[in-house]
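Data first, discussion second: the structure below is written as C-alpha cells.
The values are calculated or read from the model by the stated rules, or taken from the named source; none is laboratory data. Keep in mind that what you see is a predicted model, and the values were worked out from it rather than measured. Positions of Cβ are generated from backbone atoms using ideal geometry, with glycine treated the same way; all protein chains shown enter the neighbour counts.
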Amino acid sequence: MSTFVREMRGAYAFVERNINLMKRYWGWEVVWLIYSLTNALAITYIGNGMGMISGQEIDTQYVVTYLLVGALIWQYLVVIFYAISEMIAWERWEGTIEYTFMAPVSRPTHLVGTTLFAIGYGIVRTLAILGIVVAFFRLNLGGANIIGTILMLLAGSVSFVGLGILAAVLPLLYPERGAQMTNAVAAILLLISGVYYPIESLPAWLQVVAKASPATYVIKGMRACLLEGRSTVELLPTALTLVGIGLGVIALGLFIFRYVERYAKRMGRLKRSG
Amino acid sequence: MRTTALEVERVRKVFVRKDSAKKRRRLRTKKKKEEVVALKDIDLTVERGEVFGVLGPNGSGKSTLIRLVSTLLLPDSGSLRVFGHDVEHDSFAVKRMINRVSVDAAFFKKFSPIENLLYAARLYGLDAGEAKVKMREIMKRLGLKEETFNNPMEHMSRGMQQKVAVARGFLTSPILLLLDEPTTGLDPHSKRDVQAFVREIRETHDATVLLTTHDMDEADRLCDRIAIIDEGRIVALDTPEGLKRLVPSQNGDKTTMEDVFIELTGRSFEEAEAEEES
C-alpha cells in the first residue's frame, strides 16, 4: 500500500470522526447555530438602528452590509480556528488522545483531515446564516462580486488554519485550562482585525498590531467585493499574499507544535483530562 | 535464529510533581516541586513470540514502561528499541508495529463500537471494508453480542467496553501488543474471555505480548517470563517456575507469586501499593 493512500485514509479518519461527532451532538449544533444566528442579527441590527442612535441620516443598507460581512466572516473564521485548535482539546476530553498520538499518522495528515472538515462545515454554516440574515433585512447583494468573496474566504482560511495550529499548542501544554486559553487568542483577533469597524478607528499602536493580523486583509478584501463590487483580478495580489502568509503561519505552527508535542511527551502531559 | 522484539537499555524516567501547600506543610518542606523517579535505569529484553509479563503494585512504573514503548513518553536517559527501531528517533516505524490496550477503555463514548474501531482502522491506514469484517470477527470471538455493535459505547458495561478495547488493539495486527492491565476491574467471566484471547493470539499469530498486571495469578498463567518491578526497579526476572524456585515452599504449600514478591521486596503487595499511593 502506498504511503499516499495510507495518509489519505488517515486524513479521512478525522473527517468521518468529526461528522460522527456532529451527528451525535446534533442538539449542541442546533444551539450553536441559533447562538451564531442571533449574534449576527444583533450585530446587524446595530447598523439598522444607527440612524436613530445618531439622529443623522445614514446609508443604512451600507452599514448593515458592512456589519453583516464582519459578522459572517467572523463566524466562518472562528469555526475554522476552533475546529483546528480543538483537535487536541476534544480528544483529551474523550480520553482518546493517547490512541491518536500513538497511531502511525503524521501531524500534517492529522491537520489536513481536520481542516477539510472545518472548511466544509464552516462554508455550509456561514451560507445558512447568510441566507437567513439576507432574508431578514431584504439586502440587495446584486452588485457584489461573489467569486471574489469566495476567493478571499478561501485565501483567508489558510492563515486561520495556521493560527488554529498555533492555538492548538495551548491544550497540549496546559491539559486543564488550555482549551479555554484559545478563547483569548480569538478575542484578540476580533479586537484588532477590524471585524466590525475600520482599523483606523483603533489607537495608533493597535493599528500597527492590526496590520500583522491576516484577518484584517481577509475582511477588508471581502468588504471590497461585497460593498464595492471590486473585481477578482484586482484582489488577486492580496489573495496570493494571504495564501503566502498563511502557508508561512502553517509552517511555523507545525514547527512549534512538533516542538511542544516533544515537550509534552518528555513531561508526561499526553493524558486525558475529564 | 531468535529475533528480539523489544530491547530496553538503562531507561530512566523522572516526573516532576507540584506539591500542594497542604502537603508541603505536612512534609515540612518549602520545595514546591518534587521529583518522582518512575523508572530507575531498567534493562530488559523481550524475544519475538513471547508473552512477557511485568508484575508490580500500582505506581511501580509498569504503565510508564508501556507508555515509553508506545511513543507517548520520552525517556530521560537510556534507549528502547522495537524490532531494532529506536522508539525516540524512529517512532513512526515503531508505531506501525505496535498497539496498546490500557486499563481505561478510552473511546468516543457516544460512538458505537463499529464507529470507534473504524476510526482506529483508518488511522492505521486499513481498508474500511476489510476492517469491518475483521472487527466483527474479533468482537464475536471476545463474546460481544452482534446487536451491541451499533449501540453507543456509553450504554455498555465496563467489561464490554474493555473487550472492544482489546478488539481495537488487535484489529491492526500489531507484532508487538502492549497490554497495560487489560483485565483490571473486569468481572471474572470477562477476565477469562480476555485471558483466553491473549492465549489464542499467542498460539495462532506471530505476535509478541508485553503484559503489565498486578494480578499475580494472571501473570503466572499467561506469561512465558515475568519481570517483577518495584519502585521503578526490576527486582527479579525469570520464568514463573524459575521465580517460584527462588522461594522455598512453606508448610508444604505451593509457592505463589505473592510469596515471591514478599521474599524479594520484603513487603506484601498491599503494603507496596499503600506506600506508592501515599
Taking the stretch B:119-161 only, how many residues are among the small types (Gly, Ala, Ser), out of contact with any helix residue (DSSP H, G or I) (no Cβ under 7 Å at 6 or more places or on another chain) and closer than 26 Å to A:GLY113 by Cα? 1
Given A:TYR217, A:TYR174, which one is more than 22 Å from A:ILE119 (Cα to Cα) and among the hydroxyl-bearing types (Ser, Thr, Tyr)? A:TYR174
Selection over the stretch B:222-244 where residues are surrounded by fewer than 20 Cβ atoms within 10 Å (Cβ to Cβ), out of contact with any Asp or Glu (no Cβ under 7 Å at 6 or more places or on another chain) and free of Cβ contacts under 8 Å to residues at least 24 places away in the same chain yields a count of 4
Looking only at the stretch B:245-261, filter to residues that are surrounded by 15 or more Cβ atoms within 10 Å (Cβ to Cβ) and either modelled with pLDDT under 70 or over 22 Å from the mean Cα position of the chain (by Cα) (or both); which one of those is farthest from B:ASP215 (Cα to Cα)? B:VAL247
Restricting the search to the stretch A:225-249, which residues are of a type in the set (Ser, Thr, Tyr) and more than 21 Å from A:THR65 (Cβ to Cβ)? A:THR241
Within the stretch A:255-267, is there a residue that is surrounded by 13 or more Cβ atoms within 10 Å (Cβ to Cβ), farther than 30 Å from B:GLY78 by Cα and aliphatic (A, V, I, L, M)? no
Selection count where residues are crowded, with 17+ Cβ neighbours inside 10 Å and either without any contact (Cβ under 8 Å) to a residue 60 or more places away in the chain or over 29 Å from A:ILE119 (Cα atoms) (or both), scope the stretch A:31-49: 1
Residue in the stretch A:116-125 that is over 22 Å from A:ILE73 (Cα atoms), free of Cβ contacts under 8 Å to residues at least 60 places away in the same chain and touching a helix residue (DSSP H, G or I) at 6+ places or on another chain (Cβ under 6 Å) present: no
Six or more apart or on different chains, Cβ under 6 Å: which pairs go from a residue in the stretch A:3-30 that's without any contact (Cβ under 8 Å) to a residue 40 or more places away in the chain and on the phi < 0 side of the Ramachandran plot to one that's of a type in the set (A, V, I, L, M, F, W, C) and assigned to a helix (DSSP H, G or I)? Could you list them? A:GLU29/A:MET22
3 or more residues more than 20 Å from B:GLU258 (Cα to Cα): qualifying strands (runs of 3 or more DSSP E) within the stretch B:138-232: B:176-180, B:208-213
Restricting attention to helices (runs of 4 or more DSSP H) lying wholly within the stretch A:1-103, give those where 3 or more residues are within 11 Å of another protein chain (Cβ to nearest Cβ) and of a type in the set (A, V, I, L, M). A:3-24
Qualifying positions in the stretch A:219-274 - within 14 Å of another protein chain (Cβ to nearest Cβ) and either touching a residue at least 40 places away in the same chain (Cβ under 8 Å) or under 17 Å from the mean Cα position of the chain (by Cα) (or both): A:ARG258, A:VAL260, A:GLU261, A:TYR263, A:ALA264, A:ARG269, A:LEU270, A:LYS271, A:ARG272, A:SER273, A:GLY274
Of everything in the stretch B:107-150 that's free of Cβ contacts under 8 Å to residues at least 40 places away in the same chain and at the interface with chain A (Cβ under 9 Å from one of its Cβ atoms), which residue is nearest to A:HIS110 (Cα to Cα)? B:LEU123
Give the stretch B:188-199 a look and list any residue that's out of contact with any Ser or Thr (no Cβ under 7 Å at 6 or more places or on another chain) and either over 24 Å from B:LEU144 (Cα atoms) or touching a residue at least 12 places away in the same chain (Cβ under 8 Å) (or both), or say none. B:HIS189, B:SER190, B:ASP193, B:PHE197, B:VAL198, B:ARG199
Mind checking which pairs have a first residue in the stretch B:65-77 that is on the phi > 0 side of the Ramachandran plot and in contact (Cβ under 8 Å) with a residue 24 or more places away in the chain and a second that is part of a loop (DSSP other than H, G, I, E, B) and crowded, with 24+ Cβ neighbours inside 10 Å, Cβ under 9 Å, 6 or more apart or different chains? B:THR71/B:VAL87
Residues of the stretch A:75-85 being surrounded by fewer than 24 Cβ atoms within 10 Å (Cβ to Cβ) and under 18 Å from A:GLY131 (Cα atoms), in sequence order, are A:GLN75, A:VAL79
Going through the stretch B:61-83 one residue at a time, which ones are charged (D, E, K, R) and within 12 Å of another protein chain (Cβ to nearest Cβ)? B:ARG67, B:ASP76
On the basis of being more than 23 Å from A:ASN183 (Cβ to Cβ) and surrounded by fewer than 19 Cβ atoms within 10 Å (Cβ to Cβ), does A:PHE136 make the cut? yes
Boolean, B:ASN99 is within 11 Å of chain A (Cβ to nearest Cβ) and in contact with a Pro (Cβ under 6 Å, 6 or more places away or on another chain): yes
